[in-house]
Amino acid sequence: MSQIPNLDNSPLNLKSIREQSQRELVNILNNIRGKKCLVIDPKLSGSLSLIIKSTILKENGADLRHLSAEPVDIDCAKVVYLVRSEFSLMRFICSHIHNDTSKGLQREYYVYFVPRREVVCEKVLEEEKVHDLVTIGEYPLYMVPLDEDVLSFELDLANKECLVDGNTSSLWHIAKAIHKLESSFGVIPYVRAKGKASVRVADILNRMQAEEPVNTSDMVMPGINTLILIDREVDMVTPMCSQLTYEGLLDEFLHINNGAVELDPSIMGAQQEGKKIKVPLNSSDKLFKEIRDLNFEVVAQVLRQKATSMKQDYTEMTTTNQTVSELKDFVKKLNSLPEMTRHINLAQHLSTFTSKQSFLSRLDMEQTLIEAQSYDICFDYIEELIHKQEPLVSVLRLLILFSITNSGLPKRNFDHLRRELLHSYGFEHIAMLNNLEKAGLLKKQENKSNWLTIKRTLQLVVEDTDTANPNDIAYVFSGYAPLSIRLVQQAVRSGWRPMEEILKLLPGPHSETKRGGFSGSPSFDTLHGASAAVDRVADGRRSLVLVVFIGGVTFAEISALRFLSAQETMAYDLIIGTTKIVSGNTLTETFMEKLG
C-alpha cells in the first residue's frame, strides 16, 4: 500500500495542493539539466514521502542522498541541496564544498531552502566563502496533506519556540500556509482565534491579504467559511492525558511518523527477523479508516465481528452452490484480508501495553488529576514514580497535568519535586525544568486555580461515557472531553461571545474577525445544525471550517473533531491544520535539553 494518502474524498481539494507541490519540485529538478545528486535534509524526507514518490525524483535525473556531516561521495557534477533554513545544516553544506575543493572536484552547487530562504543561513555561506559557488532558490512547501482532512505545516518546535525561546517565525509560516489556501479557495470570511500566537496569526493573515490580495471576483462563495485558530498553550491538559482511541494509542506506544509506524517484522506475524518494516496508516486503508477513531475498547470487538462474518462466508462458499455474482462478492471480501491481518496484529500488540497494571493505574491517576480534588494522593503517586525512576517523560506528563490543573504547585512541593527529579534523573536536566517553568507548564502556585470552574462550565468530565455508542466527544478519553475541542464546538455553534467569561480564564487573548470579500456567505452565528439551509455552499456541499492548532494536535483530538463533524446536528465539514501531530511524549520531549 502506498504511503501517499488517498485524498479523493477530501471535503477540500487537497489533491490540487499536493499536485502543485509535486510540480514545483519536479520543475526545480528539470531546470537543472542532466544527472544530479539530490541531497535531502533527513527531517524533510518524511514530509516529501507524503507528497511525491522517490521513483518520480529518480525519473527526473536525481540520485537521492540524505544530508549528513559525511561528504557527498558520488560521481556527479551537480549537487542539489534541499534543506530547511537551519544554521546547523549550513555547516554541513559548507564542509561538503570545502571537502570537494580540497580534492580539486569541480561541481555546480544548488541550495533550495524549504519553505523560504533566511538571511542568517546565507550569512553562514558568506562567512565560509562558499556563497558565490552556490545557486540559491526556494521550494515553498508550507503544508503537507497527511490525510483527507488533515494538513500539517511540519513545524516540530513551534510550541517550544513560542513559549520558551521567544521565536515567533513559525507564526509567519502558518499565516503564509493559510494565505496559500486562500489563493486557491478564496478569502475565509470568519476568523476566530484564541491564544497569543493565534491572535497574532490572524493579524498577520489580514496584513498578507492587504499586501497580496486574493482575487475573489470570480468566486461565488469561499471554499472555507470559517477559520478557528487555537494555541496549544490554551489547553495543555489534553495532550498530557493518555489517548484512548485506536490511532491515538498507536501513536502513544509505537509513534506514528509521517503516516506510518516502524515495527519489528515479528509483530506483524512475519517469520524473518531483522530490518524493521514500515506499516502505513492512513485512510487509503479502508479498515483503518473505519476503526481509527474508535475507543480501543471497541476495536477488538469490531475486528472479531468482521473475522466471524468472513468465516461464515467461507463456510457458505464451501458447502453451497454459489452464483458467479456471489463468488465475485466473496473474492472482493477476501481482498480485505491483508488489512484484517494487519490490524489484528497491531491491536494484539497494543493490548500487551494497555493490559498492564501500570497503564491502568496511570489512567486512574490522570482521571484524579483532572478531577483536581485529591492533591495529596497525586503528589505521593508522582513522588513514588520519581523514586522508582520511571521514564522521565511519563513522569513529566503527570507533573505538567498536576501543575496546570492546580495553577502551579505550592512553593514547598515545587522545590521538593524539582530536587527529587534532579537527584533521580541527573542535574543535566536543569535546563529542561527551566524551560518548562518558563513555558508556564511546571511552576510555583501564585493564585488559586480556576480549573474546577472551567471543567464544570465546559462539562469536561462526562459520567458513564458509552465508548461503544458514544454521544459525546468524551469517548476519546473514556470520560474526559478535550477542552480544545469543547472550545471548537462552541466557536462553531455560536462564536466566542456567549463564552467570553470562560475564555478569560484560559491563557492568552481571543479575537473574532469578519473579513471582506463575500457578502453573501452566511455568518456562523447562524450556523446551527437546525438551520440546514445556510449550512450549504451553492453547489449543495456542506460549509467548511478549518481548525488550526498552533503548537500541535493529538490524534485523539482529531478523532473528536471527526466525531463532531459526523453528527447530524452539526451540518458542516471540518479540515484540521496543525504545526505537527503530537502526543504528550513528543510535546514534552521538545522542552528536553541536556546540559553537558
Condition first: among the aromatic types (Phe, Trp, Tyr) and more than 13 Å from Asn406 (Cβ to Cβ). Now tell me which residues in segment 340-388 satisfy that.
Phe353, Phe359, Tyr381
Over segment 267-310, the set of residues open to solvent by 60 Å² or more (accessible area, probe 1.4 Å) and over 20 Å from the mean Cα position of the chain (by Cα) is Gln271, Gln272, Glu273, Lys275, Lys276, Lys286, Glu297, Gln301, Arg304, Gln305, Lys306, Thr308
Can you tell me which residue among Ile188, Ile174 is assigned to a loop (DSSP other than H, G, I, E, B) and touching a strand residue (DSSP E or B) at 6+ places or on another chain (Cβ under 7 Å)?
Ile188
Is it fair to say Ser88 is without any contact (Cβ under 8 Å) to a residue 12 or more places away in the chain, within 34 Å of the chain's Cα centre (by Cα) and open to solvent by 40 Å² or more (accessible area, probe 1.4 Å)?
yes
Would you pick out the residues in segment 41-55 that are touching a strand residue (DSSP E or B) at 6+ places or on another chain (Cβ under 7 Å) and not in a helix (DSSP H, G or I)?
Asp41, Leu50, Ile51
Hey, among Leu25, Leu38, which residue is assigned to a strand (DSSP E or B), within 11 Å of Asn60 (Cα to Cα) and of a type in the set (A, V, I, L, M)?
Leu38
In segment 469-507, anything closer than 29 Å to Gln301 by Cβ, in a loop (DSSP other than H, G, I, E, B) and open to solvent by 10 Å² or more (accessible area, probe 1.4 Å) is listed as Asn469, Pro470, Asn471, Asp472, Ser478
Can you tell me which residue is most open to solvent (accessible area, probe 1.4 Å) among those in segment 54-85 that are under 26 Å from Leu157 (Cβ atoms) and in contact (Cβ under 8 Å) with a residue 40 or more places away in the chain?
Arg84
Considering only segment 355-387, state which residues are part of a loop (DSSP other than H, G, I, E, B) and farther than 15 Å from Cys241 by Cβ.
Ser355, Lys356, Gln373, Ser374
Check segment 450-463 and report whether any residue there is among the β-branched types (Val, Ile, Thr), closer than 22 Å to Leu561 by Cβ and in contact (Cβ under 8 Å) with a residue 60 or more places away in the chain.
yes
May I ask you to list pairs of residues, at least six apart or on different chains, whose Cβ atoms are under 6 Å apart, with the first in segment 12-25 being without any contact (Cβ under 8 Å) to a residue 24 or more places away in the chain and under 17 Å from Ile188 (Cβ atoms) and the second being surrounded by fewer than 16 Cβ atoms within 10 Å (Cβ to Cβ) and not acidic (Asp, Glu)?
none
Top-ranked residue in segment 266-282 [being part of a loop (DSSP other than H, G, I, E, B) and among the hydrophobic types (A, V, I, L, M, F, W, C); ranked as modelled with the highest pLDDT]:
Leu281
What number of residues within segment 421-452 are of a type outside the set (A, V, I, L, M) and not in a helix (DSSP H, G or I)?
10
Which listed residue is touching a strand residue (DSSP E or B) at 6+ places or on another chain (Cβ under 9 Å) and at pLDDT 95 or above, from Leu392, Leu399:
Leu399
Exposed (fewer than 15 other Cβ atoms within 10 Å of the Cβ), among the polar types (S, T, N, Q) and part of a loop (DSSP other than H, G, I, E, B), is that true of Asn99?
no
Of the residues in segment 367-406, those that are touching a helix residue (DSSP H, G or I) at 6+ places or on another chain (Cβ under 7 Å), of a type in the set (Gly, Ala, Ser) and crowded, with 16+ Cβ neighbours inside 10 Å number 1
Kindly indicate the residue of segment 102-122 that is in a loop (DSSP other than H, G, I, E, B) and within 29 Å of the chain's Cα centre (by Cα) and also surrounded by the most Cβ atoms within 10 Å (Cβ to Cβ) among those meeting that condition.
Pro115
Would segment 409-420 turn up any residue that is within 22 Å of Gln243 (Cα to Cα) and assigned to a helix (DSSP H, G or I)?
no
Which of the numbered conditions does Ile473 fail, given that it passes all the others? Conditions: (1) in contact with a helix residue (DSSP H, G or I) (Cβ under 9 Å, 6 or more places away or on another chain); (2) over 13 Å from Thr245 (Cα atoms); (3) at pLDDT 95 or above.
(2)
Leading residue by the ranking (farthest from Val199 (Cα to Cα)) among those in segment 228-265 that are touching a Pro at 6+ places or on another chain (Cβ under 9 Å) and assigned to a strand (DSSP E or B):
Val261
Restricting the search to segment 43-81, which residues are under 27 Å from the mean Cα position of the chain (by Cα) and closer than 20 Å to Leu125 by Cβ?
Lys43, Leu44, Arg65, Leu67, Ser68, Tyr81
Residues in segment 243-257: is at least one under 24 Å from Arg493 (Cβ atoms) and among the small types (Gly, Ala, Ser)?
no
Identity of the residue in segment 2-53, closer than 20 Å to Asp285 by Cβ and of a type in the set (D, E, K, R), that ends up least open to solvent (accessible area, probe 1.4 Å):
Arg18
Sole exception among (1) in contact with a Cys (Cβ under 9 Å, 6 or more places away or on another chain); (2) outside any loop (DSSP other than H, G, I, E, B); (3) open to solvent by 40 Å² or more (accessible area, probe 1.4 Å) for Ala197, by number
(3)
Taking the options Leu125, Leu163, Leu141, name whichever one is under 22 Å from Arg200 (Cα atoms) and part of a helix (DSSP H, G or I).
Leu163
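The values are calculated or read from the model by the stated rules, or taken from the named source; none is laboratory data. As the structure is a prediction and not an experimental result, all values here were calculated from the model. Virtual Cβ from ideal backbone geometry, glycine too; neighbours counted across all protein chains shown. Just so you know, the surface numbers come from the protein's heavy atoms only, side chains and all, with ligands and any DNA or RNA stripped out. Shrake-Rupley method; radii C 1.70, N 1.55, O 1.52, S 1.80 Å.
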